[in-house]
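The values are calculated or read from the model by the stated rules, or taken from the named source; none is laboratory data. Everything numeric in this text was worked out from a predicted model, so none of it was measured. So basically every Cβ, Gly included, is an ideal-geometry build from the backbone, and we count neighbours across all protein chains shown.
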Amino acid sequence: MAVAAIPAWAIYASMAATAAVTAASAISAGNAQKSAASYNAQVDQQNAQQQQGVAASQELAQDRSDRQKLGQEASAFGAGGVDMSGTPLDVMADSATQARLNALSIKYNGQVGANRDLSQGAIATFQGNQAQTAGYLNAGSTLLTAGTKFATGYTSPSSTAGFGATNQIGANGVALQTNNGFAVGSI
């Protein structure tokens, strides 16, 4: 059976190209994940601002509504000839206190929602940064692994790519011979 000769430089060039593409893909994937996370963080920031705006608007509406109710109570007491001291005054004070608590509750709930969105945005940013870092680390690992294989001569008993078993020195230089019939260089 004839042995197909594959120049060693071709195999190493192929390994280098594969390592470079794999490393570039890892970096690209990490950067894409960071971009997606940054977008999500921006959306969360906008949602937080919207929560605060809606809460402020609802708080103002609640204040307006409560002032109208307090005015109606005072008007009703006055129309009924009720003296605005003692119990009626206490009722009005309690109504005003409850009205303010309602408005503050609306404001608080809006702030809680905004804080939740801001926290989600911070988590998304952190995850994006972690994904980008992982992409760089994976790329570095790929390049280091390829460099190690170049330096030590890649050998694998299960290889089907033509790398393999032994280095033999022939008349024209170094030849890598494998168990699967491929030879690199000439013997």
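Just a few scattered comments:
- Residue, surrounded by the most Cβ atoms within 10 Å (Cβ to Cβ), within the stretch 134-159, restricted to residues that are farther than 18 Å from Ala17 by Cβ and modelled with pLDDT of 85 or more: Gly135
A quick yes/no check of all residues on (1) loosely packed, with under 13 Cβ neighbours inside 10 Å; (2) in a helix (DSSP H, G or I); (3) without any contact (Cβ under 8 Å) to a residue 24 or more places away in the chain; (4) not acidic (Asp, Glu):
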{"site": "Ala56", "(1), (2), (3), (4)": "no, yes, no, yes"}
{"site": "Glu59", "(1), (2), (3), (4)": "no, yes, no, no"}
{"site": "Arg64", "(1), (2), (3), (4)": "yes, yes, yes, yes"}
{"site": "Gly71", "(1), (2), (3), (4)": "yes, yes, yes, yes"}
{"site": "Met84", "(1), (2), (3), (4)": "yes, no, yes, yes"}
{"site": "Asp90", "(1), (2), (3), (4)": "yes, yes, yes, no"}
{"site": "Ala99", "(1), (2), (3), (4)": "no, yes, no, yes"}
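- Residue list for the stretch 26-40, filter: surrounded by 14 or more Cβ atoms within 10 Å (Cβ to Cβ) and either in contact (Cβ under 8 Å) with a residue 24 or more places away in the chain or not in a helix (DSSP H, G or I) (or both): Ala26, Ile27, Ala29, Gly30, Asn31, Gln33, Lys34, Ala36, Ala37, Ser38, Asn40
So that you can scan it fast, the table gives a plain yes or no per residue for (1) modelled with pLDDT under 90; (2) within 30 Å of Leu144 (Cβ to Cβ):
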| position | (1), (2) |
| --- | --- |
| Ile27 | no, yes |
| Tyr39 | no, no |
| Gln52 | no, no |
| Ser75 | yes, no |
| Asp90 | yes, no |
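- Top-ranked residue of the stretch 1-19 - restricted to ones that are without any contact (Cβ under 8 Å) to a residue 40 or more places away in the chain and closer than 19 Å to Thr145 by Cβ, ranked as nearest to the chain's Cα centre (by Cα): Ala17
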